[in-house]
Amino acid sequence: MSQDDEDYVYDEASGEWRPASEMTAAAQPQAVVVRDASGTELADGDSVVLIKDLKVKGAGQTLKQGTVIRSIRLTDNPEEIDCRHEAIKGLVLRTEFVRKR
């Protein structure tokens, strides 16, 4: 089979016919890298430490600097992590305020 026999797919975004192999490669989701305040990569299940006092909206509570948050979960947003804390359910923290433990 020669290069000329390759299937082509119409790309609506660009308005061009592109090789099918190129379109499937472009459709692959890119792995999102989530980093803490110091640039260390975070993963599901990691423990993090708060680097500053944070007032929690809706809870009327402040989480103090140095508080350890265990078993984080990554979200679709690389700047936010989903957390559990014994006093606050459904806690979402910005990665700029945490450091990997």
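The values are calculated or read from the model by the stated rules, or taken from the named source; none is laboratory data. Values in this document were obtained by computation on a predicted structure and should not be read as measured data. All Cβ positions, even for glycine, are placed from backbone atoms using ideal geometry, and neighbour counts span all protein chains on display.
Assorted remarks:
- Residue 90 at pLDDT below 95 and small (Gly, Ala, Ser): yes
- Hey, residue 24 at pLDDT below 85, β-branched (Val, Ile, Thr) and out of contact with any Pro (no Cβ under 8 Å at 6 or more places or on another chain) or not: yes
Quick grid of which residues meet (1) modelled with pLDDT of 90 or more; (2) under 21 Å from the mean Cα position of the chain (by Cα); (3) closer than 22 Å to residue 89 by Cβ; (4) in the same structural domain as residue 96 (by TED's automatic domain parsing):
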residue	(1), (2), (3), (4)
15	no, no, no, no
39	yes, yes, no, yes
44	yes, yes, yes, yes
49	yes, yes, yes, yes
58	no, no, yes, yes
62	yes, no, yes, yes
67	yes, no, yes, yes
70	yes, yes, yes, yes
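- Restricting the stretch 72-96 to residues that are out of contact with any Leu (no Cβ under 6 Å at 6 or more places or on another chain) and surrounded by 17 or more Cβ atoms within 10 Å (Cβ to Cβ), the residue that is nearest to residue 36 (Cα to Cα): 95
- Subset tally (residues that are hydrophobic (A, V, I, L, M, F, W, C) and either assigned to a helix (DSSP H, G or I) or not assigned by TED's automatic domain parsing to the domain that holds residue 44 (or both)) for the stretch 72-97: 1
- Those residues of the stretch 50-71 which are loosely packed, with under 14 Cβ neighbours inside 10 Å and assigned to a loop (DSSP other than H, G, I, E, B), in sequence order: 52, 53, 57, 58, 60, 64, 65, 66, 70, 71
- Close pairs (6 angstrom Cβ cut-off, 6 or more residues apart or separate chains): over 12 Å from residue 48 (Cβ atoms) in the stretch 75-94, of a type in the set (Gly, Ala, Ser) and in a loop (DSSP other than H, G, I, E, B) anywhere: 88/59
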